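The next block holds one structure in the form of structure tokens; read it before the comments.
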Amino acid sequence: MYEEPVKEHRWLRGLVGDWTFEGECIMGPDQPPNRMSGTETVRALGERWVICESTTPMADMGTATNMLSIGYDPAKGRFIGTFMSSAMNALWVYEGTLDAGGTVLTLDTEGPSMTGEGRARYQDIIELTASGERRFSSRIELPDGQWVTFMTSTYAKA
């Protein structure tokens, strides 16, 4: 069944291309941030989906390969997607929304807690900037309801 793409599908096209990124990840409260860098290729799957494949060298672990898929479901009124990494056992399933300004996509998900016990709520946030860069951050909801950012990256077109 054919459905016309909507503006949210067109927003995803802004992710398409070859990117390089640099960022940092906080691995624990008593540890300094880990610096990271890598490359990402984002391709369109028709007019409704994007597939993002990135590689990141990881200390003592070789290179992590990550796959992110994002689309938009007009019936739900939400972006949908998945994330998987060669460095993790979990498959992350997303649902999210675009902010009123049309620049920030917040993807909600649930996954293993960083403590290794139970599950936690997470948000991955993608921002397309006016300068053509892209910003990415990940945050976790603590038991008290506070959200804490633990990873940030800035992407530039390669």
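Throughout, read-outs are computed from the coordinates displayed, never taken from laboratory work. Bear in mind that the values here come from a model prediction, so they are computed numbers and not experimental data. With ideal geometry, Cβ positions are generated from the backbone for all residues, glycine too; neighbour counts draw on all protein chains shown.
Each of Thr41 and Met61 was given a label point 7 Å from its Cα along the Cα-to-Cβ line. The distance between the two points is 2.3 nm. Shown is the FRET efficiency for Ala90 and Tyr2, computed with R0 = 35 Å from the Cβ-Cβ distance and rounded to the nearest 0.05: 0.55. Phi angles of the range 44-56 translate, via the Karplus equation with coefficients 6.51, -1.76, 1.60 and θ = phi - 60°, into HN-Hα couplings of 7, 10, x, 9, 10, 10, 10, 10, 10, 10, 10, 10, 9 Hz per residue; Gly and Pro are given as x.
So what J values fall out for the range 11-25 if you push phi through Karplus, 6.51 cos²θ - 1.76 cosθ + 1.60 with θ = phi - 60°, rounded to Hz, Gly and Pro as x? Karplus values, whole Hz, x for Gly and Pro: 4, 4, 4, x, 8, 5, x, 9, 10, 10, 9, 9, x, 8, 9. Treating r as the C-beta distance of Thr115 and Arg10 and R0 as 41 Å, the FRET efficiency rounds to 0.55.
Each label point was placed 7 Å from the Cα along the Cα-to-Cβ direction; for Ile80 and Glu141 their separation is 2.1 nm. Sorting the segments 39-49, 53-63 by their mean number of nearby beta carbons within 10 angstrom, highest to lowest, gives 39-49, 53-63. Residues whose amide H falls under 5 Å from that of Ala87, counting only those 5 or more places apart or on a different chain, are Thr65, with hydrogens built in the peptide plane. Going through (1) 1.18; (2) 1.29; (3) 1.05, the figure that equals Cα Rg over 2.2 N^0.38 Å as computed for the structure here is (3). Scalar couplings 3J(HN,Hα) for the range 92-102, obtained by applying the Karplus form with A = 6.51, B = -1.76, C = 1.60 to θ = phi - 60°, are 9, 10, 10, 9, x, 9, 9, 5, 4, x, x Hz; x denotes Gly and Pro.
Remark: the chain carries a charge dipole of roughly 340 debye about the Cα centre, counting +1 on each Lys and Arg Cβ and -1 on each Asp and Glu Cβ. Electrostatic bookkeeping for Thr154 treats Lys and Arg as +1 and Asp and Glu as -1; over the other residues with beta carbon under 9 Å from its beta carbon, the sum is 0.
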